[in-house]
Amino acid sequence: MSFLDNIKAIPITDYAQRCGYTLVRKGTRYVSLVEHDSVMIDVQKNCFWRNSVFQKGRPGGAGSIIDFAMEFMGYERNKAMRELALMYGIQGDKKTGIEDYMTALKPLEPQKREIGELELPPRSDSVSIVFRYLLKERKIDRSVIRYFLAKGMLYQDAEHGNCVFVSHKFACIRSTNNIRFMRDLSGCDYNECFFFRPSRAARTLVVAESVIDIMSIMTFFVRESKRYTEYAYLALAGTNKLPSLFYHLEQEDDINQVLIAFDNDDAGNAAGKAALIGLENIGFNGNAKIFAPPCGKDWNDYIKFCESEHHEN
């Protein structure tokens, strides 16, 4: 497959979810978006159209994954292709099947991709919105929020008041309002993803899908009277960046345990199994296990809704 074909093979549904949209099934073949109910995605042909656009008679609003990124992310065509290629690890005309995006078990070679400077939104002098959102809406422990702020891994977007999460070569933004929105920022290195190791003494690596999941697990550790600084953490920005896990194990060769904390859904379960297979394939000698929340869709669901009920039982 060519470079363009590989990009066009990315499922629009997967990308839409990565951008923060909520999918809703329309029969056996079609999917729409809760946030834009005029959008229809044909999962078999991997194309979309926007009924409201056609009704108004203006151009655009239909086509491939590239057109979707242009329509909903505001990219011009070349930037849409660059962002999609970076997000899904597509390198030139390398032959890549779509299954590789979800279960890739081989680390990427960092020198084969050009990583740019992170394009960060302007920083607000205040953190009141993000602090309140994480504390009240997400139930993240105060000490965890303060830790992220103190380490420069979190700040408030000056224009919209959104959460901006920043690590060494990776950054993402998450909305703090009622419209769920999240996306990775330009320049991200998907070998690195969102990784941090509070102490060299940390020998256990916790791997999750999002930074919110990581903060939720740290909150769980606080509630269990465990020191969260005794763990290393990696948020993969979804389930399709497993090569980042193997990349970091190569860099951090004294890690001896991996806790795989993906969501309790089909994608998370499949990625968890793929991660265990991948760890075996690379000859990881430490302990690796699934670290799923006792109940709820993900770790944030657990600390928000399920933890008290679980302890009562």
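Read-outs throughout are calculated quantities, based only on the coordinates presented, and are distinct from any laboratory measurement. Just so we're clear, the structure is a prediction, and the values are computed from it rather than from any experiment. Glycine gets a Cβ as well: all are built from the backbone with ideal geometry, and neighbour counts include every protein chain shown.
Of the listed pairs LYS79/LYS169; LYS79/LYS136; LYS136/LYS226; LYS45/LYS169; LYS45/LYS241; LYS136/LYS273, which have alpha-carbon separations greater than 29 Å here? Exceeds cut-off: LYS79/LYS136; LYS45/LYS169; LYS136/LYS273. Remark: the stretch 187-196, residue by residue, has Karplus-estimated 3J(HN,Hα) of x, 5, 9, 7, 6, 6, 6, 9, 10, 8 Hz, where x stands for each Gly or Pro and the curve is 6.51 cos²θ - 1.76 cosθ + 1.60 at θ = phi - 60°. The GluC sites (Glu not before Pro) of the stretch 211-290 that DSSP puts in a loop, and whose beta carbon has at most 15 other beta carbons within 10 Å, are GLU224. Counting only DSSP beta bridges with both residues in the stretch 183-313, the antiparallel share comes to about 20 percent. With a ≥ b ≥ c the root eigenvalues of the C-alpha gyration tensor of the stretch 166-272, is it rounded (a/c under 1.5), prolate (a/b larger than b/c) or oblate? Rounded shape, in that the Cα axes give a/c under 1.5. Evaluated with a Cβ-only charge set (Lys, Arg +1; Asp, Glu -1), the stretch 154-313 carries a dipole of roughly 220 debye about its Cα centre, given to the nearest 20.
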